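Single-structure report; data block below.
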Amino acid sequence: MQIKSVDFLKSSANINQCPEPKHTEYAFVGRSNVGKSSLINCITNRKKIALTSGNPGKTRLINHFIVNNEWYLVDLPGYGYAKVSKKERAKFESMIKSYLLERKNLACLFLLIDIRHAPLQLDIEFTEWLGSNMIPFVIVFTKADKIAKDVLQKSVDKYKDKLKEQWESLPPIYVTSAHNSLGRDEILDYIENTNNLLKSN
Ligand code: GTP
Ligand code: MG
């Protein structure tokens, strides 16, 4: 898919403030600092349309972008950031979860996972929660540029094994890097195919 235009629409604190759900929507979710905002910039070919930071907890609202005047892309706050208070963490989690449960035009969720870490309980539990609420998702491993190629494949395989303990069939899995655009075209193809599928229905 060619990216012809990308516009930031608005930041919302809850679902009622989100733009009218008149376009197909894709959202990026994952632990704080996993690289959601960076991957959105990479995918849309814009350096700073989504704000990034080396410090976790940068994205604090539900951020809507519109791509090619055709579909919405959403940058969500991260979950599991240890350095904020329990109360604040719970607030982010409930913001994310109510958005995911209620947003009618959400076609697919991209769950980002840092490939450098062994499977984390928090992420595994989140996939369980998505499954039990029937929220369609794909897995996107991030920061692939940070590890050697042979280690990368082993880490992906290890993660797949962990997921197979819980899932009969695995969701689509992408390996990406916002720094060298690995996986960018595959994710855009996935979105384009989903858009076409939904249009033909
Ligand atoms: P929150 O909004 O705080 O939840 O974080 P986020 O998931 O949006 O992460 P963000 O995109 O802000 O990136 C966090 C840090 O990781 C930044 O320092 C990025 O430069 C770095 N980063 C993101 N993606 C990559 C990547 O693919 N490769 C490398 N090497 N660094 C990355
Ligand atoms: Mg962010």
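The values are calculated or read from the model by the stated rules, or taken from the named source; none is laboratory data. A quick note: this is a predicted structure, and the numbers were derived from the prediction, not measured. Quick reminder, even Gly has a Cβ in these numbers, built from the backbone with ideal geometry, and neighbours come from all protein chains shown. Accessible surface is based on the protein model in full, side chains and every heavy atom, while ligands, DNA and RNA are left aside. Shrake-Rupley method; radii C 1.70, N 1.55, O 1.52, S 1.80 Å.
Every residue, every condition in (1) under 14 Å from PHE141 (Cβ atoms); (2) among the small types (Gly, Ala, Ser); (3) under 20 Å from the mean Cα position of the chain (by Cα); (4) at pLDDT 95 or above, yes or no:
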{"site": "ASP157", "(1), (2), (3), (4)": "yes, no, no, yes"}
{"site": "ILE173", "(1), (2), (3), (4)": "yes, no, yes, yes"}
{"site": "LEU182", "(1), (2), (3), (4)": "yes, no, yes, yes"}
{"site": "ILE191", "(1), (2), (3), (4)": "no, no, yes, yes"}
{"site": "ASN196", "(1), (2), (3), (4)": "no, no, no, yes"}
{"site": "ASN201", "(1), (2), (3), (4)": "no, no, no, no"}
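Which count do you get for residues in the range 2-19 that are out of contact with any Phe, Trp or Tyr (no Cβ under 7 Å at 6 or more places or on another chain) and either hydroxyl-bearing (Ser, Thr, Tyr) or closer than 16 Å to ASN41 by Cβ (or both)? Residues that pass the stated criteria total 4. A single member of VAL138, VAL175, VAL156 is more than 27 Å from GLN2 (Cα to Cα) and β-branched (Val, Ile, Thr), and it is VAL156. With the structure loaded, tell me whether GLY57 is at positive phi, touching a Leu at 6+ places or on another chain (Cβ under 7 Å) and not aromatic (Phe, Trp, Tyr) or whether it fails that test. The answer is no for GLY57. Select the strands (runs of 3 or more DSSP E) contained entirely in the range 92-201, then report the ones holding at least 1 residues which are free of Cβ contacts under 8 Å to residues at least 60 places away in the same chain. Counting at least 1 such residues, we get 137-142, 173-175.
A Cβ distance below 7 Å, combined with a sequence gap of six or more or placement on separate chains, defines the contacts here; from the range 4-27, residues that are more than 9 Å from HIS64 (Cβ to Cβ) reach residues that are of a type in the set (Lys, Arg) in the pairs VAL6/ARG46; ILE15/ARG103; PRO21/ARG103; PRO21/LYS104. For PRO77, the test of being surrounded by fewer than 17 Cβ atoms within 10 Å (Cβ to Cβ) and within 16 Å of the chain's Cα centre (by Cα) is failed.
Across the range 153-201, the number of residues qualifying as basic (Lys, Arg), in contact with a strand residue (DSSP E or B) (Cβ under 9 Å, 6 or more places away or on another chain) and open to solvent by 80 Å² or more (accessible area, probe 1.4 Å) comes to 1. When residues in the range 33-60 are screened for being surrounded by fewer than 17 Cβ atoms within 10 Å (Cβ to Cβ), under 20 Å from ASP7 (Cα atoms) and within 6 Å of ligand 1 (Cβ to nearest atom), 0 of them pass.
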